[in-house]
1. For the range A:81-112: of the residues being in contact with a Ser or Thr (Cβ under 7 Å, 6 or more places away or on another chain), of a type in the set (G, A, S) and at pLDDT 95 or above, which is surrounded by the fewest Cβ atoms within 10 Å (Cβ to Cβ)?
2. Just to verify a result, which residue in the range B:72-111, among those that are part of a strand (DSSP E or B) and among the basic types (K, R), is most open to solvent (accessible area, probe 1.4 Å)?
3. From the residues in the range A:32-80 that are within 25 Å of A:P112 (Cβ to Cβ) and among the aromatic types (F, W, Y), which one is surrounded by the fewest Cβ atoms within 10 Å (Cβ to Cβ)?
4. Those residues that are assigned to a strand (DSSP E or B) and either open to solvent by 40 Å² or more (accessible area, probe 1.4 Å) or within 13 Å of B:S87 (Cα to Cα) (or both), I need them from the range B:6-19; list them, please.
5. Those residues that are assigned to a strand (DSSP E or B) and charged (D, E, K, R), I need them from the range B:54-71; list them, please.
6. Checking A:S7 against (1) touching a Cys at 6+ places or on another chain (Cβ under 9 Å); (2) crowded, with 17+ Cβ neighbours inside 10 Å, which test does it fail?
7. With (1) at negative phi; (2) touching a Gly at 6+ places or on another chain (Cβ under 9 Å) as the list, and A:N97 as the residue in question, which single condition is left unmet?
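The values are calculated or read from the model by the stated rules, or taken from the named source; none is laboratory data. Note that the structure is a prediction, hence the values are computed from the model and not measured. Note that we place each Cβ from the backbone using ideal geometry, even for glycine, and neighbour counts take in every protein chain shown. Areas reflect the complete protein model, heavy atoms only, side chains present, ligands, DNA and RNA absent. Shrake-Rupley method; radii C 1.70, N 1.55, O 1.52, S 1.80 Å.
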Amino acid sequence: QQQVRQSPQSLTVWEGETAILNCSYEDSTFNYFPWYQQFPGEGPALLISISSVSDKKEDGRFTIFFNKREKKLSLHITDSQPGDSATYFCAASGGGNNKLTFGQGTVLSVIP
Amino acid sequence: NAGVIQTPRHKVTGKGQEATLWCEPISGHSAVFWYRQTIVQGLEFLTYFRNQAPIDDSGMPKERFSAQMPNQSHSTLKIQSTQPQDSAVYLCASSLGERLFFGHGTKLSVL
């Protein structure tokens with residue numbers, strides 16, 4: 001059972017466009033939702049996160065939109081840059097447990 | 001701060017051999033996590049420790065896999081009688097709060 005789902009599996013955008021990555025979850029106890037960015041040969045690194053008490057979190061070109069009722073969230077990357085090309089993982093935790101459950105990831109390619 | 005250190009970066013073993021993977025968490029972090037990453041399964045949780053005590057090992061295969069944290073400066077993941085399906089990148093992460101800091105991982109190849 002996939003607790004955290006991501007779509008699309010891969011996404012290609014032109015430099016300067018907005019990339020939208022989607023995520024949904026099933027477990028109602030999840031209350032913390034980080035997005036991790038991973039480059040080849042490296043471990044995932046925290047990009048931005050949101051808690052379930054908020055519906056939006058912004059950090060520079062990266063914004064999370066969160067819909068608790070629908071159990072969905074999305075990551076928007078505005079003015080995409082070739083350096084943003086990476087795999088992005090949506091994750092979730094909750095219920096007092098710091099264990100993160102990860103989605104399958106979205107591979108983003110930004111074409112110059 | 002060197003971050004989470006994992007050794008070795010790459011390990012090649014023959015089928016049936018034992019593999020021990022090492023992790024040095026960030027100093028002061030109270031929790032250590034182990035994940036396994038493959039193309040097919042993605043990032044799978046294996047186990048985690050808090051203040052050196054095992055908290056949740058629900059992701060660990062019941063046979064052949066074991067993890068320890070003998071002191072606050074390192075943790076080990078041991079795989080006995082390795083099988084080709086154990087080939088993966090094994091990631092260690094440490095945290096003080098909700099944010100996990102990952103190491104570069106150990107790529108295990110079982111021939």
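1. Per the criteria, the residue is A:S109.
2. B:K107
3. Restricting to residues being within 25 Å of A:P112 (Cβ to Cβ) and among the aromatic types (F, W, Y), the top hit is A:F39.
4. Residues satisfying the conditions are B:T7, B:H10, B:K11, B:V12, B:T13, B:A19.
5. Once the filter is applied, which keeps residues that are assigned to a strand (DSSP E or B) and charged (D, E, K, R), the range B:54-71 yields only B:D56.
6. (2) is the only condition that A:S7 fails.
7. (2)
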